[in-house]
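> Starting off with a structure, shown below.
Here, each number is a calculation from the coordinates, and none is a lab measurement. Here the structure is a predicted model, which means the values were calculated and not measured. Cβ: placed from backbone, ideal geometry, glycine included. Neighbour counts: every protein chain shown.
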There are 2 protein chains.
Amino acid sequence: MLRLYLSASSDNGNMRTIQLEPIGQVISEIENEREERWGGVIAEIRLEATRFEPAAFNGLQEFSHVEVLFQFDQLPEATVETKTRHPRENPNWPKVGIFAQRGRKRPNRIGATICEIVSVNGLSLRVRGLDAFHGSPVLDLKPVMAEFLPEKKNVRQPQWARELMSTYF
Amino acid sequence: MLRLYLSASSDNGNMRTIQLEPIGQVISEIENEREERWGGVIAEIRLEATRFEPAAFNGLQEFSHVEVLFQFDQLPEATVETKTRHPRENPNWPKVGIFAQRGRKRPNRIGATICEIVSVNGLSLRVRGLDAFHGSPVLDLKPVMAEFLPEKKNVRQPQWARELMSTYF
């Protein structure tokens, strides 16, 4: 492998660009712009066969949920918002900062979603409720441990978020 | 900016390397290898001033919790495990796959932690319980919406994970 990386000046202050290798990809029947009703979707995550063996999943079936980190790489980088926008471009909801919403057109275009594990088989993990499109690169998979979760009754969020989420899953 | 990227052959099958620009960094008094008792730690996340304005946080204070995605970039890439290991190298716990644990020495070295929001001020966000070291690059910040969380009582996890987590926060 020959790889050469030159950057005469950073476009990000003194912070370095981070290079990640996808660990796998999403196989899903959802290929297009779906915005809602992800709860019933069953998707597969297939580990990259050149780098991983099924052992990387050993013990995962003892967990009920997994967090999937992936990239919305189908969205053009030029559409990324860095300031404020109305969630879903809905003028009835307030214009909030990009880090006060979970919209996809965000810096680095990363999605992070907790899904129910359906099955683990070889290099394939099937999950329920993954809001990713077919072909999305997967950056990490983490088993969900209850201690990492806040009590839902202690989670406070604005009214627009409740309204948006009411039909999301 | 001059940037040149050449890759004669990919080390990752047909999946492309992903380049991310950190959105900010972690400012914390925790500089070294801490493994436990993160619950009381207050850390600051400072947005990169060359790319963001305080408006990117507008409305975040209406949420109680934020999920922080960051990279454990202090860990040498050579220490990353891609197969199986005992969590914490503890032989009393089973040797499980790297995607069946949340250990840091994992492919892409990403951390994803839900934290309580302490304050938002300009480009600075203060949070409680962030298990990141000082200087870690931050990849994304997402407000926590209850609908993305499973009910804690429905989360199933093995005994070793309960034991490990009992002193984590």
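> With +1 on each Lys and Arg Cβ and -1 on each Asp and Glu Cβ, how big is the dipole of chain B about its Cα centre, in debye rounded to the nearest 20?
Once rounded to the nearest 20, the dipole reads 580 debye.
> Okay, next question. Only Lys, Arg, Asp and Glu count, each charged at its Cβ (+1, +1, -1, -1), so figure out the dipole size of the protein assembly as shown about its Cα centre, rounded to 20 debye.
On the way: 44 positive and 44 negative charges, 54 e Å.
So the magnitude is around 260 debye.
> If you plug each phi of segment B:105-113 into the Karplus form 6.51 cos²θ - 1.76 cosθ + 1.60 with θ = phi - 60°, what whole-Hz ³J(HN,Hα) values come out, in order, with x for Gly and Pro?
7, 10, x, 6, 6, 8, x, 9, 9
> Given axes a ≥ b ≥ c from the Cα gyration tensor, I'd like to know whether segment B:24-146 is rounded (a/c under 1.5), prolate (a/b larger than b/c) or oblate. Please report the intermediate quantities before stating the final value.
Values: a/c = 2.18, a/b = 1.92, b/c = 1.14.
Here segment B:24-146 falls in the prolate category.
> Using a label point 7 angstrom from Cα along Cα-to-C-beta, what distances in nm, from shortest up, separate A:Ser124 from the other copies?
A:Ser124 label point versus its equivalents elsewhere: 5.2 nm.
> From the phi angles alone, apply the Karplus equation (6.51, -1.76, 1.60; θ = phi - 60°) to segment A:47-55 and give each ³J(HN,Hα) in whole Hz, x where the residue is Gly or Pro.
These are the phi-based 3J(HN,Hα) values: 5, 5, 5, 6, 10, 10, 10, x, 4 Hz.
> Right, another one. Given the rule -39500 (n - 2.57) for each run of at least 4 DSSP H residues, summed and divided by the residues of chain B, what is its mean residue ellipticity at 222 nm, to the nearest 500 deg cm²/dmol?
On the way: 1 runs with 7 residues, N = 169.
Rounded to the nearest 500, the figure is -1000 deg cm²/dmol.
> At a Förster radius of 30 Å, what calculated FRET efficiency corresponds to the Cβ-Cβ distance of B:Glu163 and B:Val80, to the nearest 0.05?
Plugging the Cβ-Cβ distance into 1/(1 + (r/R0)^6) gives 0.80.
> Just to verify a number: FRET efficiency for A:Arg128 and B:Ser64, C-beta to C-beta distance, R0 = 30 Å, to 0.05?
0.70
> Mind giving me the nanometre distance, one decimal, between the label points for B:Ala55 and A:Glu89, set 7 Å out from Cα along Cα→Cβ?
Those two pseudo-labels are separated by 1.8 nm.
> In this model, which of B:Lys105/B:Lys152; A:Lys105/B:Lys152; A:Lys105/A:Lys152; A:Lys153/B:Lys152; A:Lys142/B:Lys142; A:Lys142/B:Lys152 are farther than 20 Å apart at the alpha-carbon?
From the list (B:Lys105/B:Lys152; A:Lys105/B:Lys152; A:Lys105/A:Lys152; A:Lys153/B:Lys152; A:Lys142/B:Lys142; A:Lys142/B:Lys152), the Cα-Cα distance tops 20 Å for B:Lys105/B:Lys152; A:Lys105/B:Lys152; A:Lys105/A:Lys152.
> Quick check on the protein assembly as shown: what are the equivalent-ellipsoid semi-axes from the Cα gyration tensor, as sqrt(5λ), descending, whole Å?
27, 24, 22
> Using a cut-off of 10 Å between beta-carbons, work out the net charge of the residues near A:Glu77 (Lys and Arg +1, Asp and Glu -1, A:Glu77 not included).
Here the count lands on +1.
> Rounded to the nearest 20 Debye, what is the dipole magnitude of segment A:50-118 about its Cα centre when Lys and Arg each give +1 and Asp and Glu each give -1 at the C-beta?
540 debye
> Now for a separate question. Any idea how far the Cα center of segment A:117-169 sits from the one of segment B:27-81, in Å?
When both Cα centres are located, 20 Å separates them.
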